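Report on the structure given below.
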Amino acid sequence: MGAINTLLSLSIPALVLIHLVVAPYTKVEESFNIQATHDILAWGTPTKSVHAHLSAHYDHFDFPGAVPRTFLGPVFLAGIGQPLIALVGFRHAQLVVRALLGLANSVALLIFKRNLERAFGRSTARWYALLQASQFHVLFYASRTLPNMFAFPLTTLAFAQLVPHPDPRRQGARYKVAIALLTMATAIFRSELAILMVTVALYGLTTVPHISIAQHIVMPFLVFFPLSLLISVPADSYFWQKPLWPELWGFYYNAVQGASSAWGVSPWHYYFTSALPKILTNPLSAAALVPFALWNPGTARQARALAVPALLFVAIYSAQPHKEARFIFYVAPPLTAAAALAADYVFARRTKSRLLAATSLVVAGSVLLSFAISAALLVVSSLNYPGGEALEALKNLVASSPSPDLQTASVHTDVLSCMTGVTLFGQNSHWPTTTTTNTNTNHDQDQDQDAAVSFTFDKTEDEPTLRNPLFWEQFDYVLAEDPAKPLGPWETIGVVEGFAGIEVLRPGSGPGSSSAAAGDVERGADRVFGRAALLRRVRDRVRGFTGGWWVGPRTVPRVHILRKRREGEARRAVTA
């Protein structure tokens with residue numbers, strides 16, 4: 001039985017890493033932290049001529065984003081990741097730093113599970129592990145460098161302290177730790193977590209014996225709030241080169257100015273009717289298990305200690321017009337724990353009546369269904385990063401057909417490419433040739449020996465500049481959503497497709513396994529790279545077994561890989 005418990009625990013970090021490997025690229029929401037981590041690793045943290053060095057090399061001086069964000073998360077990833085990257089090579093650096101974040105979140109989830117086991121028993125903890133491991137969103141985003149996911153381990157550890165403890169004095173000490181952790185998460189990473197801190201404090205004061213506002217709420221706040229500022233403000237002022245507390249700026253931008261509404265407005269009930277069911281994945285969790293755990297006298301006290309502060313946070317935060325599911329990821333562990341209490345309660349009594357036996361089977365079946373849903377969502381989501389796949393395909397193409405006349409390839413990446421996976425880690429497979437530290441000397445020598453072709457990248461977005469034919473003469477390759485936008489003699493040497501919905505193909509309809517049309521060959525559109533190419537092969541094989549039927553993801557061209565044809569050069573043959 002101990003082996004089963006260990007396997008269930010290990011399934012969480014294992015699945016986080018599987019999600020990372022299947023979808024290793026990033027999107028624009030993750031760009032600040034992933035680029036900042038790269039810059040710290042690549043260019044170091046100088047002590048002399050700081051502004052000149054940072055402004056010359058660090059990406060955030062060119063692309064600061066809507067509001068400044070803290071560098072503490074990237075500093076953590078770069079600091080822990082540097083020796084590991086030295087072992088495996090810089091080309092794997094993005095995987096390493098994302099894996100570190102994913103494992104940090106996994107450790108927090110396992111600590112939460114351990115506290116559940118100590119408080120409610122091993123069977124409840126096992127149900128929690130099953131329900132958590134079958135949730136797509138938490139596992140998929142655990143390794144993604146969003147500010148929310150840097151705050152997630154702190155909030156998860158805080159909820160771990162809220163798991164009821166029989167000793168009132170231990171429970172009081174735990175509340176202190178929870179408030180301290182939420183204070184740090186609020187001050188450093190996400191200011192809206194102040195709402196969660198308030199709901200946790202109010203619930204503790206009104207329901208938990210021996211919790212006092214001075215000793216258990218105010219005191220840890222007064223200690224850890226200035227401590228958080230002492231950590232964040234000097235570090236972030238150094239990297240941004242101006243006095244700065246990033247989360248104060250974020251609070252002013254989102255809450256006071258309401259500027260986040262420019263990214264879309266959702267109805268007040270969105271989190272409850274759409275986001276939470278998606279986050280929990282299991283169709284029974286939000287609809288039946290959590291409500292049952294809160295209502296049933298046998299589980300209500302335990303479930304309310306975790307679920308009520310979380311649900312109050314979601315309810316209050318629903319007043320913010322701009323809503324995204326990732327803004328409330330923090331409530332997934334406590335609500336999953338409440339669902340686990342209900343599932344364990346029903347399953348433990350399955351022999352007492354036919355109704356409970358049938359209900360137990362339905363609950364067990366819902367877990368299997370959740371794993372199937374999560375697997376399908378992972379496949380679909382892996383098709384949403386055409387920019388990253390196009391960059392990797394381009395570098396492989398150049399490496400596979402080197403030209404003695406091409407020592408440095410100049411590449412323009414358009415907006416869609418940059419938003420869907422082109423990062424500094426993807427651009428640079430080796431440590432940079434110049435740094436302010438001596439730790440990368442050996443890596444620089446490796447680069448000189450290994451890199452046959454070096455790359456330079458341009459990310460110009462200015463439309464008047466893009467309409468100038470002279471602008472395009474400087475590039476050898478282009479990654480573009482619209483192959484007609486680059487002006488001049490360009491040829492498409494490959495295409496990366498992206499997800500465009502679900503398709504149902506009948507025998508004799510839709511794309512088949514026959515060779516591409518002549519027009520596609522001429523445009524290079526038959527040479528599909530990335531995961532969509534694998535999907536094509538799977539689709540064709542499945543249709544061969546099903547007589548032509550297929551139900552699965554539909555993909556369409558998203559990013560075209562273009563090569564400039566020089567004067568007098570014949571068009572290269574394009575083959576699949």
Using DSSP loop states and a limit of at most 12 other Cβ atoms within 10 Å to flag GluC sites (Glu not before Pro), what is the longest stretch of the chain containing no flagged site? 1-460
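Work out the FRET efficiency for Leu377 and Lys459 from their Cβ-Cβ distance, taking R0 = 35 Å, and round it to the nearest 0.05.
Details: r = 30 Å, r/R0 = 0.86.
The pair Leu377/Lys459 has a calculated efficiency of 0.70.
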Sticking with the crude label model, points 7 Å out along Cα→Cβ, report the distance from Thr273 to Ile502 in nm, one decimal please. 2.1
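Provide the gained length on full extension for the span Leu534 to Gln474, in nm with one decimal, where the gain is 0.36 nm per separating residue minus the Cα-Cα distance. Spell out each step's value before the answer.
Values: separation 60, 0.36 × 60 = 21.60 nm, distance 3.36 nm.
Full extension from Leu534 to Gln474 adds 18.2 nm.
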Three principal axis extents, largest first, for the C-alpha atoms of the chain, in Å? 84, 69, 45
Interchain or sequence-distant (5+) residues whose placed amide H lies within less than 5 Å of the amide H of Lys323 are Ser266
So what does log10 I(q)/I(0) come out to for region 112-194 at q = 0.15, 0.26 Å⁻¹, using the Debye formula with one equal point on every Cα and no solvent? -0.63, -1.16
Which length gain, in nm to one decimal place, applies between Leu202 and Ser266 when the Cα-Cα distance is subtracted from 0.36 nm times their residue separation? 20.3 nm
For the chain, what proportion of DSSP beta bridges, expressed in % and rounded to the nearest 5, is antiparallel? 65
So which DSSP H runs in the chain come out at 27 Å plus along the axis (Cα) with average Kyte-Doolittle of at least -0.5? 2-22, 93-120, 168-188, 219-240, 354-381
Rounded to whole Hz and in sequence order, give me ³J(HN,Hα) for region 277-285 from the Karplus expression 6.51 cos²θ - 1.76 cosθ + 1.60, θ = phi - 60°, writing x for Gly and Pro. x, 5, 4, 6, 6, 4, x, 8, 4
In deg cm²/dmol and to the nearest 500, what is the mean residue ellipticity at 222 nm of the chain if only DSSP H runs of at least 4 residues count, each as -39500 (n - 2.57), divided by the residue total? -17500 deg cm²/dmol
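Roughly how many percent of the accessible protein surface of the chain is carbon and sulfur, given a 1.4 Å probe and a whole-percent answer?
Numbers: 16200 of 25860 Å².
Whole-percent figure for carbon plus sulfur exposure: 63.
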For region 162-198, list residues with backbone N below 12 Å from a point placed 7 Å from the Cα of Met219 toward its Cβ? 172-177
Applied in sequence order to region 410-417, the curve 6.51 cos²θ - 1.76 cosθ + 1.60 (Karplus, θ = phi - 60°) yields integer Hz couplings, x standing for Gly and Pro, of 9, 10, 9, 10, 7, 4, 4, 4
For every other residue with a beta carbon closer than 14 angstrom to the beta carbon of Val97, add +1 if it is Lys or Arg and -1 if Asp or Glu, then tell me the sum. +1
Counting only trypsin sites (Lys or Arg not before Pro) that are in a DSSP loop and have at most 12 other C-beta atoms within 10 Å, tell me the longest site-free stretch of the chain. 49-351
Could you pull out every residue, at least 5 positions away or on a different chain, whose amide H is within less than 5 Å of the one on Gly498? Hs are placed 1.01 Å off N in the peptide plane, and Pro or chain starts have none. Val556, Arg558
Could you compute the net charge surrounding Asp476? Neighbours are other residues with a C-beta less than 10 Å from the C-beta of Asp476; K and R count +1, D and E count -1. +3
Which whole-number value in Å² is the accessible area per residue of region 52-144, probe 1.4 Å? 35
By the scheme Lys and Arg +1, Asp and Glu -1, what is the net charge of all other residues having a beta-carbon under 14 Å from that of Val233? 0
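Which pairs in the list Lys278/Lys395; Lys395/Lys485; Lys113/Lys176 are over 28 Å apart, alpha-carbon to alpha-carbon?
On the way: Lys278/Lys395 37 Å; Lys395/Lys485 22 Å; Lys113/Lys176 20 Å.
As for pairs spanning more than 28 Å Cα to Cα, those are Lys278/Lys395.
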With a Förster distance of 22 angstrom and the Cβ-Cβ distance between Arg114 and Ser212, calculated FRET efficiency to the nearest 0.05 equals 0.20
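The values are calculated or read from the model by the stated rules, or taken from the named source; none is laboratory data. Computed from a predicted structure; not experimentally measured. In this analysis, Cβ positions are derived from the backbone assuming ideal geometry, glycine residues included, and neighbour counts consider all displayed protein chains. Side chains are part of the model used for accessible areas, which takes the heavy atoms of the whole protein and leaves out ligands, DNA and RNA. Shrake-Rupley method; radii C 1.70, N 1.55, O 1.52, S 1.80 Å.
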